[in-house]
Amino acid sequence: MSATVYLETFGCQMNVADSERADVRLRAAGFDLTSSPETADVVIFNTCSVRERAAHKVFTRIGEVRRRRIGSEPIVGVMGCVAQLEGASIFDGSPSVSVVAGTRATDRLPQLISRALDGERRVIDLDERAAGEAWDLPATARTSKYVAFVPIIEGCNKFCTYCIVPYSRGREKSREPSDIIAEIHELHRHGHHEIHLIGQNVNSYRPKTESGLERTKGATPFCRLLRAVAATGMERIKFTTSFPRDFHRDIVAAIDEHENLCEWIHLPAQSGSDRVLRAMRRGHTASDYLKRIDAVRSARRKLSITSDIIVGFPGETTADFRETLRLIEEVGGYDGLYIFKYSERPNTPAASLMDDVTLEEKSARFMELETTQRSFQRKIYERYVGREVRVLVEGTSSKFPSDMTGHSTCHKVVNFRGTELMLGKVVNVRISVAKRNSLYGEVISAP
Ligand code: 5AD
Ligand code: SF4
């Protein structure tokens, strides 16, 4: 009988994409994937290290899974960012772990697991991807049958001083445009209506060859890719994350030209204080950021804007924090804002700075920012009442089984009365109620 593998994913969409890829490679090698950690022969965690709490979570989960075991002890593996960063020290800290697979070892996971099943105690692979490794995945292997993540660039060269990603995921590597386009065609044929082009910084997309891309004068490779992806006929195209310094007006021009490029931009500001932005080495000032926002606002359609902010970066004074509040006011509030308390990550440049903002102060700033954002967000959401949005139906609402849920083209969660027959379809919904983080409405036209 072949061994069964349980794979659990933490963190960002890149990890979700990597787990899909691991899943495909494991099945191809003859493993059976299971949803039961209590009985699986092999339990693998795909981990996140962006903040300290996320990085610790895996070790709590290993303990939980082992306590709930029905059968014998499983082979436990740690893959992804924590594996890449902590390497062999994981074996010392957690003796039940016998496989450590870094962020580029995904395709070798079957061999690594087989070695552990054969009795090897410490199997580790922190190497680069092998030459010629294909990134493509069959449409059938996606976590969601309706929305697919398509990685276009892996890693990051920005080295923002607080961030662990350039260390956990290495230098930027862009996928070839012809591979990306072929994958999207396949997803389209298979009935996916929405794709997200993903990367830590999609704007610095720079493939080795530009086959499949039009040579438009002045446009960045990312913009040329956007246009080529739009031409595949995929109904809904979203992309994340954009980096303010590399976010140019030609992206807005591409969105203006193509209806299927959706009305949503995720443009993290991180701070509104120029002093803090410099210490973060973000390469933009508050005023540069606001210029990008102006460009987004000048689009033909109204685009939603979401952002990330870090509060309590080392040395952030009350005055710096006020600047961040002011930035939010000047933006006019976001359609969604992810706020994080600064978390020191080992060996990042910011880790050598004195983290002089107390946890109480970080929490107070977090709450004040959240209150400010929430009052803007309420007004932004209320403006949708009476309007129609196009929603891709992705599932049944977790709270009300008679309601269905999905996302609008402006990337808002929309709930409405419906049935499972609507799954995977695009419907028009007229909004009747604005909730705190979602919209509610009635379907006015179903296919
Ligand atoms: N502490 C807190 N937040 C962080 N982020 C990245 N690194 C850290 C850190 N060390 C946040 C940033 C980024 C988001 C994905 O996570 O806001 O945009
Ligand atoms: Fe981290 Fe900055 Fe790269 Fe984003 S752009 S992944 S915040 S280093």
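The values are calculated or read from the model by the stated rules, or taken from the named source; none is laboratory data. What you see is a predicted model; the values in this text were computed from it and never measured. All Cβ positions, even for glycine, are placed from backbone atoms using ideal geometry, and neighbour counts span all protein chains on display.
Below are the figures for this structure:
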{"quantity": "Of all residues in the range 384-439 being polar (S, T, N, Q) and under 16 Å from residue 193 (Cα atoms), the one that is farthest from the chain's Cα centre (by Cα)", "calculated": "428"}
{"quantity": "Any chance residue 213 is more than 16 Å from ligand 2 (Cβ to nearest atom) and closer than 17 Å to residue 263 by Cβ", "calculated": "no"}
{"quantity": "Checklist (1) touching a helix residue (DSSP H, G or I) at 6+ places or on another chain (Cβ under 7 Å); (2) part of a helix (DSSP H, G or I) applied to residue 143, failing item", "calculated": "(2)"}
{"quantity": "Test: residue in the range 155-169 that is under 22 Å from residue 107 (Cβ atoms), in the same structural domain as residue 284 (by TED's automatic domain parsing), away from ligand 1 (no atom under 16 Å from the Cβ) and not small (Gly, Ala, Ser)", "calculated": "no"}
{"quantity": "Tabulated pairs, the range 148-168, first more than 23 Å from residue 343 (Cα to Cα), second among the aliphatic types (A, V, I, L, M) and within 9 Å of ligand 2 (Cβ to nearest atom), C-beta under 8 angstrom, 6+ apart or interchain", "calculated": "none"}
{"quantity": "Residue count for the range 230-275, restricted to those that are assigned to a helix (DSSP H, G or I) and in contact with a Pro (Cβ under 9 Å, 6 or more places away or on another chain)", "calculated": "1"}
{"quantity": "Identity of the residue in the range 323-348, among the acidic types (Asp, Glu) and closer than 24 Å to residue 412 by Cβ, that ends up nearest to ligand 1 (Cβ to nearest atom)", "calculated": "335"}
{"quantity": "Answer residue from the range 11-33, given it is acidic (Asp, Glu) and in contact (Cβ under 8 Å) with a residue 40 or more places away in the chain and is nearest to residue 51 (Cα to Cα) among those", "calculated": "18"}
{"quantity": "Residue in the range 106-117 that is outside the structural domain of residue 395 (by TED's automatic domain parsing) and assigned to a loop (DSSP other than H, G, I, E, B) present", "calculated": "no"}
{"quantity": "Members of the range 186-210 that are in contact (Cβ under 8 Å) with a residue 60 or more places away in the chain and more than 16 Å from ligand 1 (Cβ to nearest atom)", "calculated": "191, 193, 194"}
{"quantity": "The range 329-343, subset within 12 Å of residue 286 (Cβ to Cβ) and surrounded by fewer than 20 Cβ atoms within 10 Å (Cβ to Cβ), residue nearest to ligand 2 (Cβ to nearest atom)", "calculated": "330"}
{"quantity": "Filter result for residue 439 (within 28 Å of residue 270 (Cβ to Cβ), in the same structural domain as residue 191 (by TED's automatic domain parsing) and modelled with pLDDT of 95 or more)", "calculated": "no"}
{"quantity": "Selected residue [surrounded by fewer than 21 Cβ atoms within 10 Å (Cβ to Cβ), modelled with pLDDT of 95 or more, within 16 Å of ligand 2 (Cβ to nearest atom) and not polar (S, T, N, Q)] from 245, 297, 301", "calculated": "245"}
{"quantity": "Members of the range 49-83 found to be more than 21 Å from the chain's Cα centre (by Cα) and among the charged types (D, E, K, R), listed by number", "calculated": "61, 64, 66, 67, 68, 69, 73"}
{"quantity": "Verdict on residue 310 being buried (at least 19 other Cβ atoms within 10 Å of the Cβ) and assigned by TED's automatic domain parsing to the domain that holds residue 265", "calculated": "yes"}
{"quantity": "Residues within the range 219-257 that are of a type in the set (A, V, I, L, M), closer than 23 Å to residue 208 by Cβ and without any contact (Cβ under 8 Å) to a residue 40 or more places away in the chain, tallied", "calculated": "5"}
{"quantity": "Condition check for residue 373: closer than 30 Å to residue 320 by Cβ and in contact with a strand residue (DSSP E or B) (Cβ under 6 Å, 6 or more places away or on another chain)", "calculated": "yes"}
{"quantity": "Residue in the range 173-184 that is within 16 Å of ligand 2 (Cβ to nearest atom), in a loop (DSSP other than H, G, I, E, B), free of Cβ contacts under 8 Å to residues at least 60 places away in the same chain and under 30 Å from residue 353 (Cβ atoms) present", "calculated": "no"}
{"quantity": "Residue 98 vs. criteria of a type in the set (Ser, Thr, Tyr) and assigned to a strand (DSSP E or B)", "calculated": "yes"}
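Residue-by-condition table, conditions (1) surrounded by fewer than 16 Cβ atoms within 10 Å (Cβ to Cβ); (2) in contact with a Phe, Trp or Tyr (Cβ under 8 Å, 6 or more places away or on another chain); (3) closer than 20 Å to residue 135 by Cβ:
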site	(1), (2), (3)
6	no, no, no
19	no, no, yes
35	yes, yes, no
47	no, yes, no
52	yes, no, no
58	no, yes, no
75	no, no, no
88	yes, no, no
